[in-house]
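Remarks on the structure that follows.
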Amino acid sequence: MPKRRGAYQPPYSKHSFLVHGKFLTSKWDFEHHVVPPISSSSTYRLESAQRGASGFCGYVDPEARARRRGEIFIYDRLDEPTRAMLEERLAFVEEGERCVTFATGMAAIAAALGVVLRAGDEVVAHHALYGCTYSLLTNWMPRMGVRARYADLTDPRRLERSIGRRTRAVLYETPVNPTLEVIDIAAVSGICRRRGVISIVDNTFATPFCQRPLALGADMVVHSLTKNICGFGTDMGGVVVGPRRLEPGGHPAGVRKRPPAVPEGLRRGALAQERLADPRLRAAVPGA
Ligand SMILES: Cc1ncc(COP(=O)(O)O)c(C=O)c1O
């Protein structure tokens with residue numbers, strides 16, 4: 001698989017990375033913690049004015065930020081240590097360049113659409129969707145001047161016919177909630193690329209352990225972290241993973257939040273998914 005530019009490539013497997021992580025980052029030192037602490041500070045002390053100056057430069061200069069040089073934590077809404085670690089891990093497992101976590105999956109989906117769409121644009125979605133995503137597209141997006149069209153994306157020819165002059169994004173889940181239909185990510189992504197449309201895949205059901213949409217050509221991946229990826233029923237969360245080119249300028253909105261238990265759930269999730277991927281267990285557990 002080609003190495004994605006900017007994506008962190010640790011020298012060990014995805015599961016090891018999620019379980020043990022990369023505790024020493026350029027921004028914070030978790031090296032001495034077996035389980036990283038959950039940060040609860042709203043602001044952060046900087047050891048010198050120089051450190052602050054170089055860190056602030058990173059906020060205004062995307063080049064410096066891309067090189068991850070001199071990054072600092074200054075204010076919880078912008079970034080904080082536990083969330084930074086969670087985002088780094090999720091970007092790695094989804095093989096994406098940038099990752100932003102949110103309070104819920106719906107906040108993440110709304111943010112992904114908000115980054116891509118403008119008033120007057122259209123979004124094409126698979127005709128079966130998680131109910132609240134359907135509601136977002138039919139009840140909320142029209143208030144922002146965005147119209148949704150629905151098509152059966154299990155047949156890529158129907159997508160081809162549904163993309164119009166104003167179509168800016170295609171959104172679908174695979175497997176679909178609740179029908180469990182499977183959509184061909186590579187085929188849909190190919191059409192979207194050719195037609196200049198951004199494809200967004202909700203990977204909640206499959207998780208990156210089973211399917212990595214970015215590697216199959218999708219532009220963005222969204223998740224409800226509340227479900228399979230860290231499915232112990234202990235927390236809510238959402239995430240958007242995508243390329244640096246789609247990252248909006250300016251500071252992330254207030255809904256951005258680190259789901260407290262998710263980093264720990266991810267560790268256990270990695271192990272649970274590994275077990276589920278074991279064919280002997282799949283054979284033993286009906287429906288697994
Ligand atoms: C496929 C899918 N996407 C998104 C969501 C929304 O996620 P959340 O409940 O974390 O907002 C759900 C919730 O069940 C879901 O099943």
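For Glu247 and Asp152, FRET efficiency with R0 = 30 Å and r from the beta-carbon atoms, rounded to 0.05? Intermediate values should be presented prior to the final figure.
Working: r = 32 Å, r/R0 = 1.06.
The calculated FRET efficiency here is 0.40.
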### Summary
Per the C-alpha gyration tensor (a ≥ b ≥ c, the square roots of its eigenvalues), region 164-228 is rounded if a/c is under 1.5, else prolate if a/b beats b/c, else oblate; here it's prolate
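How would you classify region 123-245 from its alpha-carbon gyration tensor, with a ≥ b ≥ c the square roots of the eigenvalues: rounded for a/c under 1.5, else prolate if a/b is greater than b/c, otherwise oblate? Please list the in-between numbers first.
Numbers: a/c = 1.61, a/b = 1.31, b/c = 1.23.
It is prolate, given that a/c is not under 1.5 and a/b is the larger ratio.
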### Query
Using alpha carbons only, what's the Rg to Rh ratio of region 38-128 with Rh from Kirkwood?
1.05
### Query
Any idea how far apart Glu160 and Asn139 come out in nm if each label point goes 7 Å out from Cα toward Cβ?
3.7
### Separation in nanometres of the label points that stand 7 Å from Cα toward Cβ, at Asp184 and Tyr59
4.8
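By counting other Cβ atoms within 10 Å of each Cβ, how are Tyr44, Tyr134 ranked from fewest to most? Write out the running numbers ahead of the final one.
Working: Tyr44 18, Tyr134 15.
The most exposed by this proxy come first: Tyr134, Tyr44.
Could you list Ser16, Ser224 in order of exposure, starting from the residue whose Cβ has the fewest other Cβ atoms within 10 Å?
Details: Ser16 12, Ser224 27.
By the 10 Å Cβ count, ascending: Ser16, Ser224.
Sort Cys210, Cys132, Cys192 so that the residue with the fewest other Cβ atoms within 10 Å of its own Cβ comes first and the one with the most comes last.
Numbers: Cys210 13, Cys132 16, Cys192 22.
Ranked by crowding around the Cβ, least crowded first: Cys210, Cys132, Cys192.
Every number here is computed from the coordinates shown, using simple stated rules; none is lab data. Just so it is clear, the model here is predicted, and its values are computed rather than measured. Don't worry about glycine lacking a Cβ; one is built from the backbone with ideal geometry, like all the others, and counts go over all protein chains shown.
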